[in-house]
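Here's the structure, in structure tokens; my notes come after.
What follows draws every value from the coordinates through simple rules; no lab data is involved. Keep in mind the model is a prediction, meaning the values are calculated, not measured. Here the Cβ positions follow ideal geometry from the backbone for every residue, glycine too, while neighbour counts run over all protein chains shown.
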Amino acid sequence: MSQARLAPSLLSADFAQLTTDLRRCEDGGADWLHVDVMDGCFVPNLTFGAKVIETVHRVTKLPLDVHMMVVEPEKYFDDFAAAGAATMTIHAEAAPHLQRQLARIRELGCSAGVAINPSTSLSAVEEVLRDIDLLLVMSVNPGFGGQAFIEGSVEKVARARNMLDAARSGAALQVDGGINRETIGAVWRAGADTFVAGHAVFSAGDPSAEIAALRARCAHEA
Ligand code: DX5
Ligand code: ZN
């Protein structure tokens, strides 16, 4: 991919001024909006569900990239698709019937993603490469924004790139967790093309400029 795809994470936005923050993402040239759904079971935190996805969908044109950190994700597919999800990404650790679950996401008209935690081997997804539009390599243990990037993720992303290329897969290769000006260049060079950034974007004085700055780090180091 010639240009990095940037997906600011709603988790770090200011919900008291949500429309302002969404406009900043749009103005900064964000490609997608990353929506972290957490159920307090798969991860030790609770966030939002279909109601918030539907509300956000009404006030932004950005495609909604829904990251489902939940057990039994299939319980939510229909509602999230109806609420406006463009992509639904489920965790291999929480989805024992991946082909069936990924096929259902596509049936609903959404792109299908699969995510793996930092300690999960890439072999957990090698049988489903034809069934996915996106592979998410987590670079933190999911549950919270603002955590430090796990350095070993760079080498894992490089292996994921090789695996997708060998399978002639056109799936996006996404990295999520601890992405900032210092970390994004290395994962871009390792072959990732899609970057989630929460804390880095929304703690910046100017979120629009920060998105552009992150993108520039990729362009210069390609
Ligand atoms: C972590 C979430 C991430 C999080 C990233 O559990 O999946 O999407 O919002 O936040 P930062 O960029 O702050 O690490
Ligand atoms: Zn996420």
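Worth pointing out:
- Considering only residues in the stretch 60-98 that are within 16 Å of ligand 1 (Cβ to nearest atom) and acidic (Asp, Glu), the one that is farthest from Ala172 (Cα to Cα) turns out to be Glu93.
- Members of the stretch 12-35 found to be closer than 14 Å to Phe195 by Cα and within 14 Å of ligand 1 (Cβ to nearest atom), listed by number: Cys25, Ala30, Trp32, Leu33, His34, Val35
- Any hit, the stretch 160-182, residues being away from ligand 2 (no atom under 16 Å from the Cβ), closer than 16 Å to Arg215 by Cα, free of Cβ contacts under 8 Å to residues at least 40 places away in the same chain and of a type in the set (A, V, I, L, M): no
- Filter pass, Val157 being in contact with a helix residue (DSSP H, G or I) (Cβ under 6 Å, 6 or more places away or on another chain) and within 16 Å of ligand 2 (Cβ to nearest atom): yes
- Look at the stretch 20-41: where a residue is without any contact (Cβ under 8 Å) to a residue 24 or more places away in the chain and under 14 Å from Val59 (Cα atoms) and a partner is of a type outside the set (Ser, Thr, Tyr) and in a loop (DSSP other than H, G, I, E, B), sitting 6+ places away or on another chain with Cβ atoms under 9 Å, you get Thr20/Asp14.
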